[in-house]
Amino acid sequence: MPSCDTRSDDPALFFEAVLRCCDDAIITKTLDGIVTSWNPAAQRLFGYAAHEMLGQPLLRLFPPERQNEESFILEKIVQGEWVDHFETVRLHKSGRRLHVSVTISPIRDAEGRVVGASKIARDISERVELWHRSQLFQAIVESTDDAVISKTTQGIVTSWNAAAEQLFGYRADEMIGQPMLRLLPPDRQTEETEILRRIAAGQRIAHFQTQRCHRDGHRLAVSVTISPVRDHLGRVSGASTIMRDISHQKRLEEQLRLTASVFTHANEGVVITDPQGRMVDVNQAFERITGYTREEALGRTAQFLRSGRDGPDVMTQLMAELQAHGRCQGEVWSRRKTGEAYAGLLTVSRVDDAAGQPQNYVALFADVTSMRVQQEKLEHLAHFDALTGLPNRLLLSDRLRQSMAHSHRHHQVLAVLYLDLDGFKAINDSHGHDVGDALLVAVAAQMKMALRETDTLARMGGDEFVVVLGPLPGAEACQPLVERLLQACALPLKVGGLLLQVSASIGITLFPQDDSDVDQLLRHADQAMYQAKQLGKNRYHLFDPVHDARMRSRAGVLAALRLGLDQQQFELYYQPKVHMRSGAVVGVEALLRWHHPSSGLLHPPAFLPQVSGQDLEDALGDWVLRAALRQLGEWSRQGLVLGMSVNVGARQLLQGGFTAHLRACLADFPEVDPDRLELEVLESSALEDIHQASRVMRECRDIGVHFAVDDFGTGYSSLTYLKRLPAETLKIDQSFVRDMLADEEDLAIVQGVISLAKAFNRQVVAEGVERIEQGVRLLEMGCELAQGYAIAAPMPARAFGEWLAHRQPCAAWVSAGPPAEC
């Protein structure tokens, strides 16, 4: 160290001693930047001896990017200004960069002119480095996902990073200065005492799993690491706490424990395979169901379990579904180790890795053999006659419905035969029920031999049978089959040692000439069968719809209709209207039915033409309207909110006072919202007097009632008329819908009506949807509302609630794509 004795009366010597003793580098230079003095501290700071720097430009200490600072400093000095505590970077002789704080003042001559500059430089590299490290540490603390908290030895929070705010919900200003105990649940308060004790002892606590409280009170699972913080003397002055939220990890662990427990103890067999289908694990239920141990199964594919009872299409379909959707389900027959086959309900799911590639397959299967056997027995009992083994009424109805649909599609004839055995009752009464039952079985076998494979023979009960003959190319093809059936029934039969003989009376109706539903066809065939009995038995009689209709005179029909109104023989049936894409039931159409005392259930075409233009037409229309409102009110009280469509005839709509009458009807049923009533007007009816129809419809709409144009496309369908009629809905006539998949002209009409509805901002409803494929095509064309037998047949109100509770939306319609652009 240089001598620092500053005792001198000579100012020059005093100044020289100060330069020598000062810890700061003191340098003087000319206005040209040439060094004129260089003290020892400058040598220590920059590494240059005085003789290396005197007479040299001071710029040699400046890094290249700082060279312009000299001109800035010189400009200030020349103006007589100081540069105070200017922080910058200079170079050591070794090339090392130094952070320095510089104060520069002007040097003046005796006349006060600035002739140079004095520069005092102090090394602040350590301070700058500490600041940078502090900033880096702070950035790390603020950017980490972990909560970083510091506290005193008394547990008072002194710092609180952003992740802590995110984790616990408290802001920094709410926690700094507060005790850490604030975060501890009541049952964990003692933890803090133990933590502070260990920290005071200088111990580090690593990855301590515990619970802490969020601001809203819910608990968090956290992993805590706490380190003591020491002061410059090495004494513990506080603690640094790092907390990580492990709530999700804990939930996953719990799920894994639960999954492992389910895997081990499940009643269903569980198999886990690799992507190639080789088994990597099985559970205890697998061993119990199959008889194979885990060791026998691992490494093998499921091929050794196959029974061979399933056709190749079953597994092909399941694998295709698995590849397409990542999951498949089905029933397959497998084989136990003993060789016994068993039915299994199988579900296979694909488990993908992070890249979306198959990692494992998980198969669950349950042994449903006993359930399958029992189900088959129940199904057989539900659909087959216990005595003869023939289809019963339930199965007959299903097969007849299918045959009717097939006949419609292929334009073929279907014959329904109702058969009653002549003379059976006498034999049954004379020889007993056992002989009678044996005779029924024998006659049924004879009839079955006389029929074709495509025909259906069913027992209705007692000695009554029904035969469905189809498909037939024409009505004439029915006759030889019926005669062969009569011959088979008339053959003498040996039963219990007795030679017995009966004959048959057969009633026949032909579809679609008799265009009725299943029940009506059977009723017509039954009526024809009684005609055959009256004509002498052992013969058949053909039901003639045309002749049947002609037999009823108009006067007789009108009288019967009036009597029917008086005796409450009329009933409304309701056909649901659904939104095919969502499956929602959006309303019903009320359809009139007549429970005729002798003719059975009659549809409107059988009697409404007879009342056309008569006062009775008004009376029927009023009955229908009031019955519909009454049912709407009843459903409303039951909490069932549905819209209802009611057909209104031209005479009823166009007569004076219709709006006032409608308002009065609604007033009689105050629980009915007019918005739920829709009146359907035939296109042809509305066009009889377009001006009057439009006026009445607008008056009714002011009440809140809606309108639909029924059977749209069968009339003039003028765009002008469509624009003028205030109807919100167009209903496509079922005649176009029925054949639209086979008839291009019908399809074009359907598409045209849908396009018109869209252009005029009208809703469109397709009537007569009888096949799933029709609904899919309608959805593709943009029609989403439909009614028809594919959804449900018209039904009485008492059956509607049960249908609604058990109905299933059509999967093909719900999953159909968006409509194609026209």
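Worth a mention:
- Residues that are of a type outside the set (A, V, I, L, M), under 16 Å from C213 (Cα atoms) and either in a helix (DSSP H, G or I) or without any contact (Cβ under 8 Å) to a residue 24 or more places away in the chain (or both), drawn from the range 146-170: W160, E165, Q166, F168
- Residue match in the range 171-181 (condition: assigned to a helix (DSSP H, G or I), under 18 Å from I242 (Cβ atoms) and out of contact with any Gly (no Cβ under 8 Å at 6 or more places or on another chain)): yes
- The listed residues are R96, R90, and the only one of them that is without any contact (Cβ under 8 Å) to a residue 60 or more places away in the chain and buried (at least 17 other Cβ atoms within 10 Å of the Cβ) turns out to be R90.
- Considered as a group, the residues in the range 700-732 that are of a type in the set (K, R) and modelled with pLDDT under 90 include one that is farthest from Q655 (Cα to Cα), and that residue is K723.
- Conditions (1) free of Cβ contacts under 8 Å to residues at least 40 places away in the same chain; (2) of a type outside the set (A, V, I, L, M, F, W, C); (3) assigned to a strand (DSSP E or B): number failed by G238: (1)
- Annotation note: Cβ proximity below 7 Å between a residue of the range 672-683 that is more than 15 Å from V764 (Cα to Cα) and a residue that is surrounded by fewer than 20 Cβ atoms within 10 Å (Cβ to Cβ) and of a type outside the set (A, V, I, L, M, F, W, C) (sequence gap 6+ or interchain) occurs for V672/G633; V672/S636; P674/G704; D675/G704; R676/G643.
- Selected residue (criterion: modelled with the lowest pLDDT) from residues of the range 653-691 that are touching a Gly at 6+ places or on another chain (Cβ under 6 Å), assigned to a helix (DSSP H, G or I) and among the charged types (D, E, K, R): E683
Yes/no matrix, rows are residues, columns are (1) in the same structural domain as R459 (by TED's automatic domain parsing); (2) modelled with pLDDT of 95 or more; (3) touching a strand residue (DSSP E or B) at 6+ places or on another chain (Cβ under 9 Å):
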| position | (1), (2), (3) |
| --- | --- |
| D515 | yes, no, no |
| D519 | yes, no, yes |
| A528 | yes, no, yes |
| A559 | no, no, no |
| R562 | no, no, no |
| V585 | no, yes, yes |
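- Number of the exception - T388 against (1) touching a helix residue (DSSP H, G or I) at 6+ places or on another chain (Cβ under 8 Å); (2) of a type outside the set (F, W, Y); (3) exposed (fewer than 15 other Cβ atoms within 10 Å of the Cβ); (4) not in a helix (DSSP H, G or I): (3)
- The residue pairs whose first member lies in the range 118-130 and is within 24 Å of K76 (Cβ to Cβ), whose second member is part of a helix (DSSP H, G or I), and whose beta carbons are closer than 7 Å, counting only pairs six or more residues apart or on different chains, are A121/L45; D123/L45.
- Index of the failed condition, I772 passing every other in (1) closer than 25 Å to E678 by Cβ; (2) without any contact (Cβ under 8 Å) to a residue 60 or more places away in the chain; (3) among the aliphatic types (A, V, I, L, M): (1)
- Residue within the range 667-676 that is acidic (D, E), in contact with a His (Cβ under 9 Å, 6 or more places away or on another chain) and assigned by TED's automatic domain parsing to the domain that holds M697 present: yes
- Long-range neighbours under 6 Å by Cβ, at least six apart or interchain, first residue closer than 12 Å to L417 by Cα within the range 521-536, second of a type in the set (D, E) and surrounded by 18 or more Cβ atoms within 10 Å (Cβ to Cβ): H524/D514; M529/D420
- Scanning the range 68-91 for residues that are touching a strand residue (DSSP E or B) at 6+ places or on another chain (Cβ under 7 Å) and over 20 Å from T28 (Cβ atoms) turns up E87, V89.
- Test for P819: is it touching a helix residue (DSSP H, G or I) at 6+ places or on another chain (Cβ under 8 Å), modelled with pLDDT under 95 and part of a loop (DSSP other than H, G, I, E, B): yes
The values are calculated or read from the model by the stated rules, or taken from the named source; none is laboratory data. Since we're looking at a predicted model, the values are computed, not measured. Because the Cβ atoms are built from the backbone with ideal geometry, glycine has one as well, and the counts that use them run over all protein chains shown.
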